[in-house]
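Single-structure report; data block below.
Computed from the coordinates by the stated procedures, all read-outs in this text should not be read as laboratory data. Note that this is a predicted model, so its numbers are computed, not measured.
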Amino acid sequence: MTEKKSPLPTLSFTLFDSFEEPGLWSEAIGSNSKGIIVFSAENQPLSEDLFNFLKKVLEAVQIQLEEEALFIFTTPEKNYSFVRISREKDIRVLISFGLPAKNLGLHWSVNLYEPLSRNGCLFLFAERLSLIQNDRERKLKLWKALQKVFTP
């Protein structure tokens, strides 16, 4: 008896869980009382100046970062699973500064500074905070986008 060869190519690959961050919640800042999660991805450690800038930006739309949101500082290369995160935390709004949708396991085409709604959650993707902080045009884009997200 001869073995039949399949005309289809055989692929060899490994499946892995993209969310391998057991200490994620202990490193996060905030209480998430309003179901808001904020990711900030930078290539260098988060400065106090940049953190204060983020707090002021959110306060402008009546969000107190440490009381009403959950803040996660990361690097642009890290991968997470939004599906898994949303199973563990009530997420109504996700704001990502510098972390692409694909790094959250969301394989969507997104435009920066354009909020989108999927499955009961609002998503906003923007450039890194360090790029926005001292750029008037980027700040204006962010301000308009945040108003769309948080103004009824």
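Observations, loosely collected:
- If the chain linking T75 and E137 were pulled fully straight, counting 0.36 nm for each residue of separation and taking away their Cα-Cα distance, it would gain 19.9 nm.
- When all alpha carbon pairs of segment 25-150 are counted in 5 Å bins from zero, the resulting P(r) reads 2, 11, 23, 28, 23, 12, 2, 0 %.
- Stretching E66 away from R92 to a fully extended chain increases their span by 7.7 nm, per 0.36 nm per residue minus the current alpha-carbon distance.
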